[in-house]
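**Student:** Supplied in structure tokens, the structure appears directly below.
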Amino acid sequence: MGTLLGSMSIALSALEADQTAAEVTSNNIANANTPGYDRQVPILEESAPLEFAGFMLGGGVTVASVQTMRDNVLNLRLDSETQQQSSLNTYVSAMQQVEAIFNEASGVGLSSAIDGFFNSIQALSANPTDSTLRQSVLDAGNTLAQGFNSASSQLQQTQSGIDQDVTQTVQQINNLASQIATLNQQIGYAQGVGEGAGDLEGQRDEVLSQLSQLVGVSTVTVNDGSVTVTVAGGSPLVVGNQAYQLTTQADPTTGMAQVYSQGSNITANITGGSLGGDIQVRDQEIPSLQEQLDNLAASLISNVNSANEKGYDLNGDPGGAFFTPFTPSSSGSNQGAAASMSMYITDPSKVAASSDGSVGSSGNLQNFTNLQTQDIIDGQTVDSYYAGFVGGIGNSISTASASATAVGLVVQQLQNQQASVSAVSLDEEAANLMKYQQAYEAAAEVVSAVDTITDFVIDNLGEQVSAT
């Protein structure tokens, strides 16, 4: 009877183990398309043998654990590359918005406005007393000024839009940080009571992946199973079950949102993720482009005014300012020149075409046209400076796009490696399910056979007892 009971115990352990293995496999199949899910593998172990009649007999099988297939080092590398990829993609997207402002076909088209102004001067030189041509010069000058106004305004609008993105991204970061802290707590509890936390760890990995798309973070796994997440050079974001919320405050000078952690401004230290890309464009690229635009506007205002002041108007009076003179708010800065550029004269007769005060003279107009070919700004002509300005935007986008493509290939490679470790193969799981099903059915046959033998033995013992 001891042997029969032992056989029954072995068969029952097989039923339980195969049932558990089948459940794990079924869960894998159910989550085959679940983002961030890592496949699980039941680890079967032989039970401790039992001694019977001087022999060591097998004790059956047990599920020692359910192992989650995860490569933590690979996940860290993937998160790191994801941070860089997201930052580059966000940078490219934001800079393409900037590029569109200066698109000659659909944007401001300052190149056309600059050429149009100098062409109107050239046309006036053929007939300097023609009131229509004189009005055309004023119209072209006004179009040029409005072009600078519009370009400056659109740069500011783009910067403000990116600033709103920064605030929204910080809110998303805080939400994900809270989720990680909660999962840390749940994982710690599960491990504390001896339960597996593979599913929870998989969920946490997925949240960490989403966080990496938003901002550059560093992650360290602690002995209790929790992860510590820091941002911007060590500022805590998640420690154990505690999430440290980031906050935003408007800069008193620029009005742009600054990111704070525990009362410290960490904006300048933020890299990686969409937040890093937005901050780079908002705080570095757009201010630099605005400065260049202001410098060009200030140079045109100054030089065109100087050219008009060298001649005489249609009434024989000395010429005055053509554009409204620009007065810098601080030494060495032309901030606001593009935004404030406007016409000073509104009377066509005030265009100082004459070089000697005589009616019909157009000698002074040469001083205007020379401005298009002279190096009047940073050792460059107006056209070459503006071409370099626009070309610089395109080069920045091209360089970042190439980098994003290269990083994207690395990310794809890492994702493929991750999939080879963690992804669910439906074909493989179907084969496993069939294997566990067959093992379960075989164990059930053993149970049935032992039951039959046991009944037979009991019946025969009963007959022998009755016979005696």
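**Student:** Given the options 243, 266, 281, identify the residue whose Cα lies farthest towards the positive end of the charge dipole of the range 224-330 (+1 on Cβ of Lys, Arg; -1 on Cβ of Asp, Glu).
**Tutor:** Positive-most Cα among the choices belongs to 243.
**Student:** Check which residues have an amide H placed less than 5 Å from residue 351's amide H, if you skip close sequence neighbours.
**Tutor:** 314
**Student:** Which value, in Å to one decimal place, does the Kirkwood hydrodynamic radius take for the range 101-250 when every pair of different Cα atoms is included?
**Tutor:** Numbers: mean 1/r = 0.0499 Å⁻¹.
After inverting the pairwise mean of 1/r, the radius is 20.0 Å.
**Student:** Sum up the charges of everything whose Cβ sits under 11 Å from the Cβ of residue 63, counting Lys and Arg as +1 and Asp and Glu as -1, but leave residue 63 out.
**Tutor:** On the way: positive: none; negative: 16, 18, 23, 45.
Counting the neighbours of residue 63, the net charge comes to -4.
**Student:** Report the per residue volume, in Å³, of the convex hull enclosing the C-alpha atoms of the range 20-112. Don't skip to the answer; put the middle values down first.
**Tutor:** On the way: hull volume 9.8 nm³, N = 93.
Measuring per residue, one finds 106 Å³ for the Cα hull of the range 20-112.
**Student:** Related question: With θ set to phi - 60° and the Karplus curve 6.51 cos²θ - 1.76 cosθ + 1.60, what are the ³J(HN,Hα) couplings of the range 339-355 in order, to the nearest whole Hz, using x for Gly and Pro?
**Tutor:** With coefficients 6.51, -1.76 and 1.60, one gets 5, 9, 4, 7, 6, 8, 9, 10, 9, x, 5, 7, 5, 7, 7, 7, 9 Hz.
**Student:** Which net charge results for the neighbourhood of residue 77, defined as the other residues with beta-carbon distances under 15 angstrom from its beta-carbon, given Lys and Arg at +1 and Asp and Glu at -1?
**Tutor:** Working: positive: 70; negative: 71, 79, 81, 205.
Result for the neighbourhood of residue 77: -3.
**Student:** Divide, for the chain, the radius of gyration over alpha carbons by 2.2 N^0.38 Å, where N is the residue count.
**Tutor:** Working: Rg = 38.7 Å, N = 468, 2.2 N^0.38 = 22.8 Å.
The value comes to 1.70.
**Student:** Report, by chain and number, residues whose modeled amide H sits under 5 Å from the one on residue 197, excluding near sequence neighbours (fewer than 5 apart, same chain).
**Tutor:** Close amide H contacts, sequence-distant or interchain: none at all.
**Student:** Enter the angle in degrees (range 0 to 90, nearest 10) between the Cα long axis of helix 2-30 and the first principal axis of the Cα atoms of the chain, meaning the one along which they spread out most.
**Tutor:** The helix 2-30 is inclined about 20 degrees to the chain.
**Student:** Just name one of 345, 314, 364: the one whose Cα is farthest towards the positive end of the charge dipole of the range 277-383 (beta-carbon charges, Lys/Arg +1, Asp/Glu -1).
**Tutor:** Looking along the dipole axis, the top candidate is 314.
**Student:** Quickly estimate the mean residue ellipticity at 222 nm for the chain, helices only: each DSSP H run with n ≥ 4 gives -39500 (n - 2.57), and the total goes over all residues, rounded to 500.
**Tutor:** Details: 11 runs with 279 residues, N = 468.
Helix contribution divided over all residues of the chain: -21000 deg cm²/dmol.
Every number in this text was worked out from the coordinates using simple rules, so none of it is lab data. Keep in mind that this is a model prediction, so the values were computed, not measured. All Cβ positions, glycine included, derive from the backbone under ideal geometry; neighbour counts span all protein chains shown.
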